[in-house]
Structure formats: C-alpha cells, structure tokens
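Scroll down for the structure; my scribbles are underneath it.
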Amino acid sequence: MRSRGKKYTAARQQVPNRLHKIEEAVPLLQKVKYSKFDETVQLAVRLGVDPKHSDQMVRGTVVLPHGLGKSKRVLVIANADKQREATEAGADFVGGDDMVQKIQSESWTDYDAVIATPDMMRSVGRLGKVLGPRGLMPNPKTGTVTNDVAQAVKEVKAGKVEFRVDKTGVVHVGVGKVSFDTGKLTENANALLQAVVKAKPAAAKGKYVCSATICSTMGPGVSLDVTPYNLKVV
C-alpha cells in the first residue's frame, strides 16, 4: 500500500469514520480539499451484481443537471445528410468513412464521445480495438447510435454521462468539479445514483446498492449512506 502525504493525512483526519448522507458528504469533501487545481469529483458505487452474467450487467446514461464543468469534444460519424445536422448542433468533429479511416490509421482518439448513425455502424464496427478499451464505442443502449444526431450531440454537450459496472461490480463516474456550487454538485451526484438504481437488472437479487464513496481527485473518500437508494422503487 502506497504511503500518503501529510496533506492527505490531514484531510483524512477531518472525515468522520461513519456513513454520510449525500447532502453532508459533498460539502465535507469540498471543505477538506487541499490541492491547487480544480479536482474532479467522482462517485464509486459497489453493486450487488455479478457482471460475469450478462443478465446482471448494469449500464446506462444520465444527463447530469449541471454538467461536468467542461465541454465534451464530440465526434459524429454519419452519412452526408446527417453531417450538417451534427455540425449545426455543435459537434466538434464530423465525417463519414474518412473519420473511420483516420481512426484506423492513426489510432486517433482526441475526443470524449462518439456518435454514429445506424447505417455507418458497419464501418464503425471495425474500430472496436481502438474505441472499445476507451469506452468510446457507439452503442444503441446509450443513445450514441441514432439517426437523431443533433439531439444526441446536444445531450452529450449538456452533461450526459455513461456508466457501466466494471468486472469487480463497481461503477465509477465523475459528477462534476470540486469548485461547483454545493447544491449543484449534490444534485449531480443524486442524479447519477438514481440512474444507477433505475438500471437495476431484473436478475439482481438481494441488496443492490451495497456501498458508495464520493471523493475528489486527490482527496480522501467520504462513505455514503446508501439506505435511501435501496428503498427506491425500480
């Protein structure tokens, strides 16, 4: 286990060793911040599912009400008719097979999200080795394979994030910056937690949300009381 610096240790000592409601956890992590840069705030949610079974996979999207504090760079791969719509909606990069070729030949990934029209997926499917490991592969379930490219671009720009349980049963998602207004950051965190609850697979049995921690990039984690989320009606 790596040793921690004095600043981290001092911050850790200010966090009571108990479960916190989200409304008290957010201002606490903002209070103990010690780094000079504007850290990202992340949620880690441990779920009572076994991702090895396809019917227990948890995946979805949510538009955070107050965004992420930065504008995402969006690539749209579409036919000629839809490329103009994508550009007008604010996409940063737009193209068709030329973009597929660029990604294949250069392993180009200078963007945060990829949206594709259904008719382009035959070509986009060849990009799995480049986009897949980075979580950038377009998928109908997350709304990134669609003919309504304008709406998809606007949602991503507005703060739409994707979440997916990893092989250890944990969902990791950024929900904003530590400099955010406390209320806005709390609303973002709540929106993510509620979206994860709504994504509960029918095959999941027993306690679904087992534990959750919220923390900033450099700061200590604050353990959350997940009882309210297990009482949600899905």
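The values are calculated or read from the model by the stated rules, or taken from the named source; none is laboratory data. As the structure is a prediction and not an experimental result, all values here were calculated from the model. Virtual Cβ from ideal backbone geometry, glycine too; neighbours counted across all protein chains shown. Remember, those area values only see protein heavy atoms, side chains included, never the ligands or the DNA or RNA. Shrake-Rupley method; radii C 1.70, N 1.55, O 1.52, S 1.80 Å.
If the condition is being open to solvent by 10 Å² or more (accessible area, probe 1.4 Å) and under 15 Å from Val45 (Cα atoms), then region 209-225 contributes Cys210, Ser211, Thr213, Cys215, Gly221, Ser223, Asp225.
Close Cβ contacts (under 8 Å, 6 or more residues apart or on different chains) running from residues in region 217-232 that are farther than 15 Å from Lys207 by Cα and in a loop (DSSP other than H, G, I, E, B) to residues that are among the hydrophobic types (A, V, I, L, M, F, W, C) and at pLDDT below 90 are absent.
The set of residues in region 182-205 being touching an Asp or Glu at 6+ places or on another chain (Cβ under 7 Å) and among the hydrophobic types (A, V, I, L, M, F, W, C) consists of Ala203 alone. Within region 197-220, being of a type in the set (A, V, I, L, M) and touching a helix residue (DSSP H, G or I) at 6+ places or on another chain (Cβ under 8 Å) holds for Val197, Ala202, Ala203, Ala204, Val209, Ala212, Ile214, Met218.
Scoring Pro65 on the criteria (1) open to solvent by 70 Å² or more (accessible area, probe 1.4 Å); (2) out of contact with any strand residue (DSSP E or B) (no Cβ under 6 Å at 6 or more places or on another chain); (3) farther than 19 Å from Gly143 by Cβ leaves a single failure, condition (3). Pairs linking a residue in region 15-26 that is farther than 17 Å from Lys184 by Cβ and open to solvent by 10 Å² or more (accessible area, probe 1.4 Å) to a residue that is of a type in the set (Gly, Ala, Ser) and not in a loop (DSSP other than H, G, I, E, B), with Cβ atoms under 7 Å and 6 or more positions apart or on different chains, are Leu19/Ser223. The single residue among Lys52, Lys36 that is open to solvent by 20 Å² or more (accessible area, probe 1.4 Å), part of a loop (DSSP other than H, G, I, E, B), without any contact (Cβ under 8 Å) to a residue 24 or more places away in the chain and not hydrophobic (A, V, I, L, M, F, W, C) turns out to be Lys36.
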